[in-house]
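Following: one structure in structure tokens, then a few remarks.
The values are calculated or read from the model by the stated rules, or taken from the named source; none is laboratory data. Everything quoted here is computed from the prediction, not taken from an experiment. Every residue, glycine as well, gets a Cβ built from its backbone with ideal geometry; the counts of neighbours run over all protein chains shown.
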Amino acid sequence: MSTTTVESKHSAALDAAETGDAHLITVTLRVRRFNPEVSDQVVWVDYEMQMDPKERVLDALHKIKWELDGTLTFRRSCAHGICGSDAMRINGRNRLACKTLLKDINPEKPITVEPIKGLTVLKDLVVDMEPFFQAFRDVMPFLVTKGNEPTRERLQSAEDRARFDDTTKCILCAACTSSCPVFWNDGQYFGPAAIVNAHRFIFDSRDEAGEQRLEILNDRDGVWRCRTTFNCTDACPRGIEVTKAIQEVKRALLTRRF
Amino acid sequence: MSAETHNPVDAADAADGGVTPFGPDNPAPFIEPPRARTKRTPRATRTNFEMYGWLFMRLSGIVLVVLVLGHLLIQLVLDGGVSKIGFAFVAGRWANPFWQLWDLAMLWLAMLHGANGLRTVINDYAERDVTRTWLKWLLYAATVFTVLLGTLVIFTFDPNIQ
Amino acid sequence: MQIHKYDTVIVGAGGAGMRAAIEATKRSRTAVLTKLYPTRSHTGAAQGGMAAALANVEEDNWEWHTFDTIKGGDYLVDQDAAEILAKEAIDAVLDLEKMGLPFNRTPEGRIDQRRFGGHTRNHGEAAVRRSCYAADRTGHMILQTLYQNCVKEGVEFFNEFYVLDLLLAEVDGVKRTAGVVAYELATGEIHVFQAKAVIFASGGNGKFYKVTSNAHTLTGDGQAAAWRRGLPLEDMEFFQFHPTGIWRMGILLTEGARGEGGILRNKDGERFMERYAPVMKDLASRDVVSRAIYTEIREGRGCGPEGDHVYLDLTHLPPEQLDAKLPDITEFARTYLGIEPYTDPVPIQPTAHYAMGGIPTNVQGEVLTDNTTVVPGLYAAGEVACVSVHGANRLGTNSLLDINVFGRRSGIAAAEYAATHDFVELPENPDSLVVELVERMRDANGGERVTDIRKALQETMDANAMVFRTEQTLKQAVSDIAALKVRYKSISVQDKGKRYNTDLLEAVELGNLLDLAEVLAVSALARKESRGGHYREDYPTRDDVNFMRHTMAYREVGEDGEESIRLDYKPVVQTRYQPMERKY
């Protein structure tokens, strides 16, 4: 493992000094880099730059990519916490880079940025999301109804709608699943995100396939593997009470039996 | 570390001693996590084994709290504590079917509770399928042996042994 | 190069793409190519709702909705299309509900509706509750619901496949669709998709503005691919600026905030919209409100030390209402501004939001190659297309409607076309243009940085082609863009690899943005009137005599290889509504 310090002539520090931006602070981003086209080894690289503390980690990554090193690779799209592209491990915690302000994570010390864990790293911060989406697809994440469709909408009371509101917020960013210690060691576990999306339908009063979903999650890699470490709840950028949702699925399984 | 190179990529490159054998047309292998989910992963068993396992852990846990604390109280605190324990004390207790059942329940519950706990630990932490299988067989063998031996002792205990 | 064969190929997996895919997959062998994972699309950022005259909470009908759409679009709307939009809106919402979308509910358990800008009762009498919503996450819910149903239908996705070229082949003198060429981000490989029908649903191009609500990935890839293949672009000068973007960041704060009772205030605390739109006030159409905000700022009534923003005031609304109806935007204010919307007003400024223009289509989603001729087998839907239901200014909640109505229509039309037609033979070396482009970009070592050119482009667009435009600023924009295009020829790309070379793609995307920005500026320069989102200070009134017509821009390549833009015009379809002065 080696650390490269970027020379100051590549840093944005000079540009900032020229314009006299007094509110800027010096930030060091320590990024875990892996490029299979260069080396089979992981390298930590330090990048130093002048940033406004109110800017996001994503802004800092962009600054690196656009001004210091174009080869740095990461996914991003909406840049305000809606699309779920840029989940990464920042200072050891899963977060969205676009929802994490520099001032909130102690910018005096180097900020470490790594890809989320438990999924194959393809390049720098880009991981293979396929196993994650496979788990999502495996829980039947869609409304299943029987009988004839009504001509108008299906009725649902405001209380019934509120019952599953929390889990409709999921953006499939994988921050929860890749923060789960069980998932780190065994990626065959469905993981919190898949369970959250099953929960969203199990507790939807309009749905009629809850039984099948419960059956799927009753299996070896289902909800019973949850150890309630609450990492997922802490990681969720949408504030979903993930662990609670998993426990509710467990309870549904138990009350179904007894 | 050569930090004076023109861009950090080259610097990262140089960390490995200059030229690496890898390039766009012959990339290094990815660093794979253990056991990723694939299209073939879900092998539905349609049993409630895991649920009963989970429930058993909670229920046996509660019962064990009573059994073990009771056991400790009798063995270590009441009636002069440890000093009273001897062959006669054990023989006296096991003459009563109540204490026989107490100890039998404690033995079975503690062993199964512990074994199931270790099973989940193995499932969580053993990365390779072969390792898991072996560790689990070892665990099951040890559990069966201990439980059978203990049960045998409780029921065939002879206070008049010479 | 790999060759794939599908009946229908859909480019883009946002709302329109997935809505089309659900229909097309049922009827034909379909592939969806998307440069992002499906749920990453910017449909998910839409907040306020989806309009439909369900009349669940108060009297309403689709005819009023049609009128509002046409009036909102400053009469540049094709009225037959607007009628289809408003009529099919009702089924579009009900379909989504049946697919599982968790709408907010009325006490009776029906889909709840709320007020939204420009939606009125009985042709402008008062605001009407027409927007069906799910808190302030309607777009998110639509995107998730559509993806869920794609999983249900088994839609085949090619994730992180970047479509760079459209293949057209001339058969018996007619340009027909042969397929598309895509670049696989993970490996750098080039794939040719031979298809009977192609649907473009690749979204907008707002990233050429600096203050924008658009995602980094909204770079007009579909429009640019069509443009490079000689297809026209319609009404590109009409770009919507959403009144309430977070100050300096451009992040969208839904119009639903004003629908729930939020008020815009200047530095004196005055509710200034009363002066500009006495009836609809804060809920006038977006172009009107955006101009009003900038007028306040220009006349020195802006807030802050630099007077460059105004406030969105939600403090008089009960916190419970904010939590229930506007949870996400209040969180944005807390996260990005450190402001508590319960007690403090939120600083906002207009933000570039939506391209009304795009690839011209008819109401079936078929792409037009001139004013009347369709390209057989080619379809477009969503923001990439211009039907035109939005005219000169789109009403809020009509875009989520657009993607569902015209996504569905083009999905059905494309699959039916594919069922009755054969594959068109691929041209020789179908991937040549893309191979050349990718190789050129990878080897590019000119020294110009992509980021510098992009920043300069965004700055000139913000300064010269935003809410207020004049002959002079637009000429400035045109010449700036021309200069940037010259610089673009000597860019350099640092990443020379094949895997996940996003550096290379950003360079390609910048090329798309430059092309489209130029079309916007040139079209805007020629439109010497003010209409909807296009406001010319030197021509401040609408000119129905000369400009009641759509702009059609064509790319011309001269003998010497010199590119130029030729402008032509297309009549507006008018059925029952005569143009009137637009007042709110």
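Here are a few things to note about the model shown:
- Only one entry in A:ASP59, A:ASP40, A:ASP52 is modelled with pLDDT of 95 or more and either over 19 Å from A:CYS232 (Cα atoms) or of a type in the set (Lys, Arg) (or both), namely A:ASP59.
- Test: residue in region A:69-77 that is over 30 Å from C:GLY245 (Cβ atoms) and of a type outside the set (Gly, Ala, Ser): yes
- For region C:318-339, a residue qualifies if it is within 15 Å of C:ARG248 (Cα to Cα) and in contact (Cβ under 8 Å) with a residue 12 or more places away in the chain, and the qualifying residues are C:PHE332, C:ALA333, C:TYR336, C:LEU337.
- Condition met for A:THR229 (in contact (Cβ under 8 Å) with a residue 24 or more places away in the chain and either among the β-branched types (Val, Ile, Thr) or more than 7 Å from every other protein chain (Cβ to nearest Cβ) (or both)): yes
- Put simply, of C:THR66, C:THR106 the only residue that is under 21 Å from C:ASP136 (Cβ atoms) and among the β-branched types (Val, Ile, Thr) is C:THR106.
- Selected residue [more than 13 Å from chain C (Cβ to nearest Cβ), modelled with pLDDT under 95 and either buried (at least 22 other Cβ atoms within 10 Å of the Cβ) or farther than 26 Å from A:LEU172 by Cα (or both)] from A:ILE25, A:ILE82: A:ILE25
- Restricting region C:380-416 to residues that are more than 21 Å from C:PRO243 (Cα to Cα) and of a type in the set (S, T, N, Q) leaves a set whose member that is surrounded by the most Cβ atoms within 10 Å (Cβ to Cβ) is C:SER410.
- Verdict on A:SER179 being at pLDDT 95 or above and in contact with a Lys or Arg (Cβ under 6 Å, 6 or more places away or on another chain): no
- Residue in region C:146-159 that is among the acidic types (Asp, Glu) and under 30 Å from C:ASN501 (Cβ atoms) present: yes
- Evaluating A:THR255 against the criteria (1) modelled with pLDDT of 95 or more; (2) farther than 27 Å from C:TYR37 by Cβ leaves one unmet condition, (1).
- Candidates C:SER285, C:SER290, filtered to the one that is closer than 24 Å to C:ASN214 by Cβ, modelled with pLDDT under 95 and of a type in the set (Ser, Thr, Tyr): C:SER285
- Boolean, C:ILE111 is crowded, with 24+ Cβ neighbours inside 10 Å and either within 14 Å of another protein chain (Cβ to nearest Cβ) or not hydroxyl-bearing (Ser, Thr, Tyr) (or both): yes
- Within region A:31-61, tally of residues that are within 12 Å of chain B (Cβ to nearest Cβ) and either under 23 Å from C:THR451 (Cβ atoms) or more than 21 Å from the chain's Cα centre (by Cα) (or both): 16
- Which numbered condition A:TYR189 fails, given (1) among the hydroxyl-bearing types (Ser, Thr, Tyr); (2) surrounded by 24 or more Cβ atoms within 10 Å (Cβ to Cβ); (3) modelled with pLDDT of 95 or more: (3)
- Residue in region C:421-435 that is touching a residue at least 24 places away in the same chain (Cβ under 8 Å), more than 17 Å from C:ALA225 (Cα to Cα) and either crowded, with 20+ Cβ neighbours inside 10 Å or of a type in the set (Val, Ile, Thr) (or both) present: yes
- Top-ranked residue in region A:54-79 [being among the aliphatic types (A, V, I, L, M) and in contact (Cβ under 8 Å) with a residue 24 or more places away in the chain; ranked as surrounded by the fewest Cβ atoms within 10 Å (Cβ to Cβ)]: A:LEU68
- Qualifying residue in region A:187-209 (condition: of a type outside the set (Ser, Thr, Tyr), without any contact (Cβ under 8 Å) to a residue 24 or more places away in the chain and outside the structural domain of A:SER77 (by TED's automatic domain parsing)): no
- Qualifying residue in region C:323-338 (condition: touching a Lys or Arg at 6+ places or on another chain (Cβ under 7 Å) and within 14 Å of chain A (Cβ to nearest Cβ)): yes
- Of the helices (runs of 4 or more DSSP H) contained entirely in region C:468-553, those carrying at least 2 residues that are under 21 Å from the mean Cα position of the chain (by Cα) fall at C:502-526.
- Subset of region A:137-156 (residues that are assigned to a loop (DSSP other than H, G, I, E, B), free of Cβ contacts under 8 Å to residues at least 24 places away in the same chain and within 7 Å of chain C (Cβ to nearest Cβ)): A:GLU149, A:ARG152, A:GLU153, A:LEU155
- Qualifying residue in region C:516-530 (condition: surrounded by 21 or more Cβ atoms within 10 Å (Cβ to Cβ) and free of Cβ contacts under 8 Å to residues at least 24 places away in the same chain): yes
- Residue check, C:ASP221 in contact (Cβ under 8 Å) with a residue 12 or more places away in the chain and acidic (Asp, Glu): yes
- Tally, over region A:232-249, of residues that are surrounded by fewer than 21 Cβ atoms within 10 Å (Cβ to Cβ) and either closer than 19 Å to B:THR47 by Cβ or within 14 Å of chain B (Cβ to nearest Cβ) (or both): 1
- Just so you know, in region C:82-108 the residues that are of a type outside the set (Val, Ile, Thr), more than 8 Å from chain A (Cβ to nearest Cβ) and surrounded by fewer than 21 Cβ atoms within 10 Å (Cβ to Cβ) include one that is farthest from C:HIS390 (Cα to Cα), and it is C:ASP95.
Residue-wise test of (1) among the charged types (D, E, K, R); (2) in a loop (DSSP other than H, G, I, E, B); (3) within 11 Å of another protein chain (Cβ to nearest Cβ); (4) under 29 Å from B:ASP158 (Cβ atoms).
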site: B:ARG35; (1), (2), (3), (4): yes, yes, yes, no
site: B:GLY61; (1), (2), (3), (4): no, no, no, no
site: B:HIS71; (1), (2), (3), (4): no, no, no, yes
site: B:TRP99; (1), (2), (3), (4): no, no, no, yes
site: B:ASP103; (1), (2), (3), (4): yes, no, no, yes
site: B:LEU107; (1), (2), (3), (4): no, no, no, yes
site: B:MET111; (1), (2), (3), (4): no, no, no, yes
site: B:ASN123; (1), (2), (3), (4): no, no, yes, no
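- Scanning region A:114-136 for residues that are in a helix (DSSP H, G or I) and in contact (Cβ under 8 Å) with a residue 12 or more places away in the chain yields a count of 5.
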